[in-house]
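What follows draws every value from the coordinates through simple rules; no lab data is involved. Source: prediction; values computed, not measured. Reconstructed Cβ throughout: ideal geometry from the backbone, glycine too, with neighbour counts over all protein chains shown.
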């Protein structure tokens, strides 16, 4: 069994005024048993009122909020969050409501049991999910397949938000990607370093572009380059 005392939940935020307060309440409500919970929120220069909303959330001593002075992207926001996190396990949580914080206990379990260094919450394994966006699904499958080919893995969902990892992983894995390239770069690097990766099925309530989804086909094209670059050259 791993000796874990604290879990840090990293929340990168950009223009999520409609969902942020609901998500925050869900994160606060999750019980992790004897484990302490630390919430690190990094606002990536939101312009829709999210910043003002965050000021009202900073009442809990377990919550730390940081602000970027210009929009840098998810990868950059996560670098900021990791520098400030003090937990033994770090969890990435998007600020929308596509993923449920209620899944934290089962996601943490493989690390607590000593089975894994990194855990991915997979939307592709057997679990409830919203039926939505075929081409987005197909793109995700292709990027996951490409990652598996170049890293010799059998991962089912590389692009998932839910990535958990032990603090020790940060000593050997640092990412350069500022935006959504974080997902493939992080995956390739933990695979190259030989960290034990475990997958756990999660539910998924995906949203449409009309509802605020941000990732596009351009991010998918960049992900192909990112996978090949960091596997072959970096």
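The table below lists the values:
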| item | result |
| --- | --- |
| Whole-number percent relative contact order across the chain, with pairs defined as alpha carbons under 8 Å at least 6 apart | 24 |
| Inter-label distance for residue 69 and residue 229, nm, one decimal - labels placed 7 Å from Cα along Cα-to-Cβ | 2.6 |
| Paramagnetic reach from residue 3 (point 7 Å along Cα→Cβ, amide N under 15 Å) across the range 78-102 | 88-89 |
| Rg(Cα) / (2.2 N^0.38 Å) computed for the range 6-232, rounded to two decimals | 0.95 |
| Sequence of 153, 158 once ranked by neighbouring C-beta atoms within 10 Å, starting from the fewest | 153, 158 |
| Sum of -39500 (n - 2.57) over DSSP H runs of 4+, divided by residues of the chain (222 nm, nearest 500) | -10500 deg cm²/dmol |
| For the range 1-94: span of alpha carbons on each principal axis (Å, largest first) | 43, 24, 19 |
| Estimated distance in nm for a label pair at residue 109 and residue 31, the labels positioned 7 Å out from Cα along Cα-to-Cβ | 1.6 |
| Residue 145/residue 205 FRET efficiency (R0 25 Å; Cβ-Cβ; nearest 0.05) | 0.55 |
